[in-house]
Amino acid sequence: MTAQIVDSVLEEAKKQDAKRVTEVHLVIGKLTFLGIEQVRFAYNILVNDTIMKGSKLIIEEKDGVIECPSCGYKGAIQCEDDPAYHVPIPTLRCPKCGKAAKILEGKECTIKRIKMLK
Amino acid sequence: MANNKEVVKGEEVTLEIEPGTDILEVNKQLAQKNLKLMREHNVKAIDVMGSIGAGKTSLIEKLVQALKHKYRIAVFKGDLTTTIDADRIGRHGVKVVTINTGLECHLDANVVARAVERISLQDIDLLIIENVGNLICPAEFPLGTEKRVVVVSVTEGPYMVIKHPFTFMTADVTVINKKDLAEIMKVDAKQLEKQVKEIKPDMKVAVTNALTGEGIEELIEALEL
């Protein structure tokens with residue numbers, strides 16, 4: 001995944017004829033399976049030997065948002081905090097009507113902004 | 001490209017662009033394309049995910065046995081390097097395409113599209129895709145199937161469901177397999193079922209023993225086949 005991120009940034013930089021990329025701003029949804037720490041780790045390795053070397057990586061995390069097709073509720077994903085489970089587990093149950101909601105936001109991995117030197 | 005801001009400082013020109021590229025969107029779009037293509041050919045596709053050793057292949061064998069007289073079936077089998085599972089499924093007289101991913105831990109919509117080129121969609125009604133054994137990465141990559149099944153077995157312990165809520169959120173049907181071993185493993189299948197429904201209230205659940213075929217009818221019903 002991080003390799004794809006780096007490739008996409010390099011492609012954009014090439015289109016702009018940039019000499020160097022100085023900053024990359026990512027938005028990563030909390031409902032993706034991407035670990036911020038691991039993305040950073042892989043990023044720093046992958047940018048070596050590219051014009052992205054030394055660039056600043058900003059990662060903005062985005063909360064999960066659900067929408068209920070039954071009652072129209074739209075809001076943050078809820079957690080079921082039953083002590084029997086040891087941990088709060090996120091649920092797609094609509095907090096308003098109890099039916100199944102759909103994920104609206106939180107599944108993205110977007111390159112929001114790239115700063116570069118021409 | 002939404003905004004381009006150019007700033008000139010001395011000789012240096014800083015350019016700021018907002019590409020807005022969603023890295024996961026590429027796969028999602030390819031998945032949509034797969035889905036459309038299959039619908040055009042009246043093919044129903046099913047993605048089967050689950051950990052290594054959950055019983056995906058055994059379950060598919062039983063599904064194929066139960067459904068091969070009703071549907072013309074093809075199976076895609078994601079596997080790192082071997083064709084062992086493909087040979088197992090192939091014994092039942094259906095077309096099997098192995099997708100060797102090499103090092104990759106999941107299938108994606110692109111490799112599925114490539115595999116589709118190797119079969120004739122006119123000649124099948126049902127396509128079962130067995131994902132690579134892994135309960136995490138495949139969930140991130142929709143393949144363009146009508147239904148997604150996640151298989152967990154009681155031998156994986158009592159916490160598989162609550163540890164992987166986001167995987168279950170992407171599925172339509174959950175199979176709780178190896179029900180015959182529940183008592184020995186001291187795992188309550190009913191509890192797993194409750195947790196799955198907690199995470200996704202509209203989830204359909206089938207409790208099975210893929211070796212004997214117990215619960216396969218429930219699964220077929222859940223898959224609306």
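Where in chain B is the longest stretch that carries no trypsin sites (Lys or Arg not before Pro) classed as loop by DSSP and with at most 12 other Cβ atoms within 10 Å?
B:1-69
Can you give me the angle between helix B:23-40 and the longest principal axis of chain B, using Cα atoms only, in degrees from 0 to 90, rounded to the nearest 10?
Once rounded, the angle reads 50 degrees.
Which distance in Å, rounded to a whole number, links the C-alpha centroids of the stretch B:53-78 and the stretch B:90-108?
One Cα centre to the other: 12 Å.
Residue separation times 0.36 nm, minus the C-alpha to C-alpha distance between residue B:25 and residue B:110: what's the value?
29.4 nm
No partner Cβ under 4.7 angstrom, meaning no disulfide-compatible partner by this rule: which Cys of chain A qualify?
By the Cβ distance rule, which asks for a partner under 4.7 Å, the isolated cysteines are A:79, A:109.
For the stretch B:124-221, which chymotrypsin sites (Phe, Trp or Tyr not before Pro) are in a loop by DSSP, counting at most 15 other Cβ atoms within 10 Å?
Passing sites in the stretch B:124-221 are B:159.
Quick one: angle between helix A:36-46 and the longest Cα principal axis of chain A, in degrees between 0 and 90, rounded to 10, please.
Roughly 20 degrees, rounded to the nearest 10.
Between residue B:221 and residue A:23, take the C-beta separation as r, use R0 = 41 Å, and let me know the FRET efficiency to the nearest 0.05.
Efficiency for this residue pair is about 0.15.
Say R0 is 35 Å: what FRET efficiency, to the nearest 0.05, do residue A:37 and residue A:99 get from their beta-carbon distance?
The formula returns an efficiency of 0.45 here.
Over the stretch B:101-184, how many percent of alpha carbon pairs lie in each 5 Å bin up to the one with the longest distance?
3, 12, 22, 22, 16, 13, 7, 4, 1, 0
What angle, in degrees between 0 and 90 and rounded to the nearest 10, separates the Cα long axis of helix A:2-15 from the longest principal axis of the Cα atoms of chain A?
Long axis of A:2-15 versus the principal axis of chain A: about 50 degrees.
What aspartates and glutamates could a cross-link reach from residue A:14, if we take a straight Cα to Cα line under 18 Å and drop same-chain neighbours fewer than 8 places away?
A:23, A:49, B:6, B:12, B:16, B:18
More than 22 Å apart: what percent of Cα pairs in the stretch B:57-134 qualify?
So the portion of pairs separated by more than 22 Å is 18 percent.
Could you tell me which of the pairs A:102/B:204; A:99/B:33; A:15/A:118 are separated by over 18 angstrom between their Cα atoms in the structure shown?
From the list (A:102/B:204; A:99/B:33; A:15/A:118), the Cα-Cα distance tops 18 Å for A:99/B:33.
Using only Cα atoms, figure out Rg for chain B and give it as a multiple of 2.2 N^0.38 Å.
1.18
Just tell me the longest site-free run in chain B, where the sites are GluC sites (Glu not before Pro) in a DSSP loop having at most 11 other beta-carbon atoms within 10 Å.
B:118-223
Using the Kirkwood formula on the Cα atoms of the stretch A:1-86, what hydrodynamic radius do you get, in angstrom to one decimal?
15.5 Å
Whose amide H sits under 5 Å from the amide H of residue B:21, counting only residues 5 or more places off or on another chain, with H placed in the peptide plane?
Those qualifying (amide H under 5 Å, at least 5 residues apart or on another chain) are A:111.
Can you compute the radius of gyration and Dmax for the stretch B:40-88, using only the Cα atoms, both in Å?
My reading of the Cα-based Rg and Dmax gives 11.9, 34 Å.
Classify the stretch A:52-97 as rounded, prolate or oblate from the Cα gyration tensor: take a ≥ b ≥ c as the square roots of its eigenvalues, call it rounded if a/c is under 1.5, otherwise prolate when a/b beats b/c and oblate if not.
oblate
Run through every distinct alpha carbon pair of the protein assembly as shown and return the Kirkwood hydrodynamic radius in angstroms, one decimal place.
Mean inverse Cα-Cα distance, inverted, gives 21.8 Å.
Using a/c under 1.5 as the rounded threshold, could you call the stretch B:132-225 rounded, prolate or oblate? The axes a ≥ b ≥ c are square roots of the C-alpha gyration tensor eigenvalues, and prolate needs a/b larger than b/c, oblate otherwise.
Here the stretch B:132-225 falls in the oblate category.
Could you please report the charge total around residue B:168, scoring K, R as +1 and D, E as -1 over all other residues with beta-carbon less than 11 angstrom from its beta-carbon?
Taking every Cβ under 11 Å from that of residue B:168, the sum is +2.
In whole Hz and in residue order, list the ³J(HN,Hα) couplings for the stretch A:92-102 that follow from phi through the Karplus curve 6.51 cos²θ - 1.76 cosθ + 1.60, θ = phi - 60°; x for Gly and Pro.
Values, residue by residue: 8, 5, 5, x, 8, 10, x, 7, 7, 9, 10 Hz.
Can you compute the FRET efficiency between residue A:80 and residue B:212 using 1/(1 + (r/R0)^6), with r the Cβ-Cβ distance and R0 = 41 Å? Round to the nearest 0.05.
My answer for the efficiency is 0.75.
If you average the alpha carbon positions of the stretch B:191-207 and of the stretch A:53-95, how far apart do those two centres end up, in angstrom?
Here the two parts' Cα centres lie 18 Å apart.
For A:70, A:8, A:55, what's the fewest-to-most ordering of other Cβ within 10 Å of each Cβ?
Listed from fewest to most nearby Cβ atoms, that is A:70, A:8, A:55.
Read the figures in this text as sums done on the coordinates, not as results from a lab. Remember, predicted model here, so these are calculated numbers, not experimental data. With ideal geometry, Cβ positions are generated from the backbone for all residues, glycine too; neighbour counts draw on all protein chains shown.
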